[in-house]
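Any read-out appearing in this document is the output of simple, stated calculations on the displayed coordinates, not a laboratory observation. Since this is a predicted model, take the numbers as computed values, not measurements. Cβ: placed from backbone, ideal geometry, glycine included. Neighbour counts: every protein chain shown.
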Amino acid sequence: MTSFIICGERKLSGRLWIHGAKNAALPILAAAILHPGTTVLHQCPDILDVRSTLKMLEFAGCVIHKEADTVIIDAADIHPCGFPTDWVSGMRSSILFLGAMLGRCGEICLDYPGGCSIGSRPVDIHLKALEKMGVTVVESDGKIHCCSSRLKGCRIRLPYPSVGATENILMAAARAEGVTVLENAAREPEIDDLCGFLCAIGVPVCSDGRGRIWIDGNSRTKDAVYTIMPDRIVSGTYLCAAAATGGSLELPNGIPAHLEAVLEIFERMGCSVERGRRQGIYMKAPARLKAAGHIHTAPFPGFPTDMQSQIMAVLAKAGDVSRIYEHIFEDRFKTVYELRKMGADIWTDSSMAVVRGKEKLYGARVRASDLRGGAALIIAGLAAEGETVVENGLFVERGYQNICGDLKKIGACICHTEN
Ligand code: EPZ
């Protein structure tokens with residue numbers, strides 16, 4: 001089992017380069033299946049979920065070459081296949097192979113996806129939209145069987161701006177007959193990155209930036225080279241680490257527009273934030289942070305649910321009382337019970353948390369139960385007196401390429417052990 005060991009109460013300051021975004025890389029890797037040729041992806045993060053996805057691509061017939069953070073995918077020979085259950089049930093983003101394989105082969109059989117236990121995470125929105133595009137969907141024996149002789153472009157209005165459903169529809173629509181108009185689509189920057197990739201391989205995609213996307217499936221695809229966006233949640237996580245320790249951090253390739261809702265909370269807590277015109281974030285924290293008032297998670301451009309646990313860890317040592325309302329997932333406050341072991345004063349009813357900031361947190365042995373909760377416990381350990389051991393560190397390695405190395409670069413005393 002992987003654990004992170006942290007000696008806290010060291011001010012973190014410095015400069016970090018942010019690796020490619022997990023939640024952009026995963027749909028883009030799946031979308032590479034759509035083109036029967038070669039795709040070159042730069043700034044592809046070397047994280048567990050990407051390694052699992054590359055394994056699935058090879059299983060489907062892709063030939064993969066990796067050179068540092070560049071991945072070269074030859075998808076000339078793709079065949080319909082049933083992916084091993086344990087591969088699919090371990091990762092939410094495996095659901096994205098529905099749209100990609102339907103777009104390329106017209107059929108796929110997939111187990112229900114797994115991923116972080118932060119809620120029930122159904123896939124009904126994905127399946128209803130695919131059925132509207134002419135896909136026959138049969139759910140039986142814990143598997144989703146999909147087939148379609150010919151995907152047809154149509155108008156689809158999502159009942160909720162689901163990120164994954166938007167991505168699946170974009171991929172199926174990329175190879176459908178005619179134009180698909182998607183309304184109430186997710187607006188996360190990772191969606192824009194997937195649209196950028198589809199354009200790069202020759203699929204005409206146009207977005208109005210307010211949740212309406214047009215995709216024309218009639219074009220031939222072509223070889224492409226594409227660079228994945230920097231990870232905005234990793235950026236936000238490292239800014240939290242600097243803020244929680246009264247430090248400062250420069251992110252030269254951080255994109256302010258991707259994190260504006262989070263940067264505003266840092267300013268509410270008393271941090272000074274400088275934004276580059278397109279890229280570059282510099283944040284400096286005061287010795288003691290102020291409370292943040294009320295924070296509501298919401299689809300982009302609202303406060304991202306993937307930053308909820310991390311900001312809670314920061315507020316655990318800020319002054320006065322803050323309230324965090326979780327509107328996206330129904331079970332994303334598990335980390336509260338671990339933070340309490342470190343002296344945090346947090347009350348939760350699983351839909352919201354009341355955080356009473358303390359002068360001190362104390363190192364303890366704690367356990368991660370999901371990716372962002374694990375990152376939050378590392379942040380709390382960095383701000384706490386004494387030593388903290390974060391168990392189940394493998395969760396963190398699913399989304400952070402080298403969190404130990406990065407945090408050490410800015411002054412943290414952290415290491416990780418395998419045992
Ligand atoms: C993506 O998950 C991200 N994962 C999540 O990041 C992120 O928290 C989430 O979007 C929201 O931004 C990846 O991109 C791999 P949703 P996804 O479909 O696509 C409900 C991380 O830490 N819903 O937007 O699963 C669902 O239950 C991970 O990097 C349905 O009801 O998110 C949830 O309550 C965690 N039916 C809400 O919508 C559906 O068919 C948001 O889900 C689909 C979703």
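Brief remarks follow.
- Computed with the Debye formula from one identical point scatterer per Cα of region 1-149, without solvent, the log10 of I(q)/I(0) at q = 0.10, 0.12, 0.13 Å⁻¹ comes to -0.41, -0.56, -0.64.
- Calculated from the alpha-carbon coordinates, region 231-376 shows an Rg and a Dmax of 14.1, 42 Å respectively.
- Qualifying GluC sites (Glu not before Pro) in region 311-391, DSSP loop, other Cβ atoms within 10 Å at most 13: Glu330, Glu359
- Each DSSP beta bridge with both residues in the chain is either parallel or antiparallel, and the antiparallel ones are about 75%.
- Within the shell defined by Cβ-Cβ distances under 14 Å, the residues around Ile213 carry a net charge of -3, with Lys and Arg each +1 and Asp and Glu each -1.
- Taking the inverse of the mean 1/r over every pair of distinct Cα atoms in the chain gives a Kirkwood hydrodynamic radius of 21.7 Å.
- For trypsin sites (Lys or Arg not before Pro), the sites in region 309-363 that DSSP calls loop and that have at most 15 other Cβ atoms within 10 Å are Lys360.
- Over region 52-105, the hull volume per residue, using the convex hull of the C-alpha atoms, is 83 Å³.
- For region 369-409, a Kirkwood radius taken over Cα pairs fed into Stokes-Einstein (10 °C, viscosity 1.306 mPa s) yields D = 151 µm²/s.
- Peptides 74-83, 238-247 ordered by packing proxy, namely the average of other Cβ atoms within 10 Å per residue, highest first: 238-247, 74-83.
- Eigen-decomposition of the gyration tensor built on the alpha-carbon atoms of region 2-81 gives equivalent ellipsoid semi-axes of 33, 14, 9 angstrom, largest listed first.
- Gap separating the Cα centres of region 106-133 and region 206-231, nearest whole Å: 22 Å
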